Amino acid sequence: MTVKVLVAGDANLDLVLAGDVVPRFGQAEQLLESAQLVLGSSAGICASGLARLGTDVALVARVGRDLFGDQTVRLLRDNGVDTAHVLRADAPTGLSVILSGVGDRAILTLTGAMAALTPGDVLQAMARTLAMSEPVGHLHIASFFLLPVLAGGLPELLAEARAAGFTTSLDTNWDPAETWAGVEACLPHLDLLLPNAAEAVAIARSLGGESTDVQAAARFLAARGPIVAVKDGAAGGFAVAGDGVFHAPGLALEVVDTTGAGDSFDAGFLSAWLAGDDLATAVRWGTAAGSLSTRGFGGTGGQPTRAELAAALAAAT
Ligand SMILES: Nc1ncnc2c1ncn2[C@@H]1O[C@H](COP(=O)(O)OP(=O)(O)OP(=O)(O)O)[C@@H](O)[C@H]1O
Ligand SMILES: [Mg+2]
């Protein structure tokens, strides 16, 4: 029997606008080529990626009592995610408006209801999971810096999760304030830290690490507790545990949209690691899941099934 994964974090929709998207003020009306409303959020995309890979996964998050909240839940369910722990809050559902230009984009985000997620919400989901599943599960946290209430109590929550038999992981994503405050206290309670290359260097430097080299930064962070698995865009990624470093390249394919590639990497890495595969395999699964996710539009449009991922890896070697 496989473990249940709880992914706790952000949940929102992405409104992706393309065409003449560089705003001109003065009430100028600009015409778009397309406008699409899709599932966004690091936690929502990671949970969808895990479900697509056949993992039993529930999202723990807060959305508003509004149309966007209903649609977020509907899209998660369509992707196979258990939404029993997606709670409502008295605030509008979070939204990211993405102005998608040629080779670059601007992202305007309202965190809204997602920021109301509490450690108590996650504890409740853990208690229900413990009552229902055997062996116990894994807790993955995404988007630390968008969730101030959860972040404030995260070290204690992670410690409780581990005491209850859960394994733990964190993908902080970027800190808009760039202070990286609060991450240090979480490190001893994590089995896995899943930053991208820029985040790994920035977190290590915020803790006194001197190097701008990403592998040195990952080693610095790994010395404080977790296995560190680093995402590095088209180049792929690597994991550091103790003295070991395990690299895997990205897959060469025609990229449609890289939104959420990091969250899909997390899903691939976690699904292999939780199945007991070694770190070299887990990194390969992470990079392949990240690369394959770029085949389709939005964060979840290109996410692979287990069979598709295995076939892509077999073809690449
Ligand atoms: N252009 C690309 N071509 C092929 N694979 C890619 C490309 N971009 C990303 N990937 C794959 O996706 C994985 C994760 O991507 P990336 O390093 O961009 O994560 P990230 O910065 O956390 O992204 P985000 O937080 O925006 O989802 C990489 O390890 C790689 O395997
Ligand atoms: Mg990321």
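The values are calculated or read from the model by the stated rules, or taken from the named source; none is laboratory data. The structure displayed is predicted, hence computed values, not measured ones. In this analysis, Cβ positions are derived from the backbone assuming ideal geometry, glycine residues included, and neighbour counts consider all displayed protein chains.
At-a-glance table
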{"item": "Members of region 226-254 found to be farther than 21 Å from I203 by Cα, aliphatic (A, V, I, L, M) and away from ligand 2 (no atom under 16 Å from the Cβ), listed by number", "result": "A248, L251, A252, L253"}
{"item": "Output for region 188-208, where each listed residue is within 13 Å of ligand 2 (Cβ to nearest atom) and not in a loop (DSSP other than H, G, I, E, B)", "result": "L193, N196, A197, A198, E199, A200, A202, I203"}
{"item": "Hits in region 279-317 - residues which are more than 15 Å from ligand 1 (Cβ to nearest atom) and in contact (Cβ under 8 Å) with a residue 24 or more places away in the chain", "result": "T305, R306"}
{"item": "Residue in region 152-164 that is within 16 Å of ligand 2 (Cβ to nearest atom) and free of Cβ contacts under 8 Å to residues at least 60 places away in the same chain present", "result": "no"}
{"item": "D266 vs. criteria more than 19 Å from R105 (Cα to Cα) and within 13 Å of the chain's Cα centre (by Cα)", "result": "yes"}
{"item": "Filter result (crowded, with 19+ Cβ neighbours inside 10 Å and either farther than 18 Å from A115 by Cα or over 17 Å from the mean Cα position of the chain (by Cα) (or both)) within region 156-176", "result": "L157, L158, A161, F166, T167, T168, S169"}
{"item": "Among the residues listed as T300, T287, the single one being of a type in the set (S, T, Y), crowded, with 24+ Cβ neighbours inside 10 Å and in a loop (DSSP other than H, G, I, E, B)", "result": "T300"}
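Each row is one residue, and each column tells you yes or no for (1) under 15 Å from A282 (Cβ atoms); (2) near ligand 1 (Cβ under 7 Å from one of its atoms); (3) modelled with pLDDT of 95 or more.
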| site | (1), (2), (3) |
| --- | --- |
| L194 | yes, no, yes |
| R219 | no, no, yes |
| A222 | yes, no, yes |
| G233 | no, yes, yes |
| V256 | no, no, no |
| T259 | no, yes, no |
| D263 | no, yes, yes |
